[in-house]
1. For the range 30-51, indicate whether the set of residues that are within 20 Å of Leu13 (Cβ to Cβ), in contact with a Ser or Thr (Cβ under 6 Å, 6 or more places away or on another chain) and aliphatic (A, V, I, L, M) is non-empty.
2. Being surrounded by fewer than 16 Cβ atoms within 10 Å (Cβ to Cβ) and at pLDDT 95 or above: is that true of Asp62 here?
3. Can you tell me which residues in the range 49-59 are open to solvent by 80 Å² or more (accessible area, probe 1.4 Å) and under 19 Å from Pro5 (Cβ atoms)?
Amino acid sequence: MSILPRETVIAGLEAARKIKEGHLPTDEDLSDAPTLADWAISDNANELVRLVGWVTGHPLLDDGWITTSVLLAIDPERKWARTVSRLYRLDKPLGG
């Protein structure tokens with residue numbers, strides 16, 4: 001697990017606040033977001049909820065299997081998830 005810069009955490013919490021107030025990610029926001037395919041919600045009961053999956057187009061990581069930062073909001077029907085560090089476009093979930 002990596003340590004996120006304070007600015008990243010603050011920006012993530014601000015994004016979560018906006019989502020809670022009804023300001024959902026736009027198509028433009030999602031167009032720049034990395035894609036997470038074959039994703040699932042981590043089921044480790046001893047930790048905060050995270051996503052796992054195959055990422056493509058991440059600005060800092062090579063394409064491959066990742067565990068995200070803590071999940072703040074998710075809308076599988078609109079196909080997006082917001083973690084502390086960034087917004088993701090969701091492709092198909094693991095198993096279907």
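1. Looking through the range 30-51, at least one residue is within 20 Å of Leu13 (Cβ to Cβ), in contact with a Ser or Thr (Cβ under 6 Å, 6 or more places away or on another chain) and aliphatic (A, V, I, L, M).
2. Details: surrounded by fewer than 16 Cβ atoms within 10 Å (Cβ to Cβ): yes; at pLDDT 95 or above: yes.
Criteria met by Asp62.
3. Taking the range 49-59 first, the residues open to solvent by 80 Å² or more (accessible area, probe 1.4 Å) are 54, 59.
Selection gives Pro59 alone.
Matching residues to (1) open to solvent by 30 Å² or more (accessible area, probe 1.4 Å); (2) charged (D, E, K, R); (3) out of contact with any His (no Cβ under 9 Å at 6 or more places or on another chain):
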| position | (1), (2), (3) |
| --- | --- |
| Gly22 | yes, no, yes |
| Asp27 | yes, yes, yes |
| Ala37 | no, no, yes |
| Glu47 | yes, yes, yes |
| Ile74 | yes, no, yes |
| Arg78 | yes, yes, yes |
| Gly95 | yes, no, yes |
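The values are calculated or read from the model by the stated rules, or taken from the named source; none is laboratory data. All values derive from a computational prediction rather than experimental measurement. Every residue, glycine among them, receives a Cβ derived from its backbone with ideal geometry; neighbour counts consider all protein chains shown. What goes into the accessible areas is simple: the full protein's heavy atoms, side chains included, and nothing from ligands, DNA or RNA. Shrake-Rupley method; radii C 1.70, N 1.55, O 1.52, S 1.80 Å.
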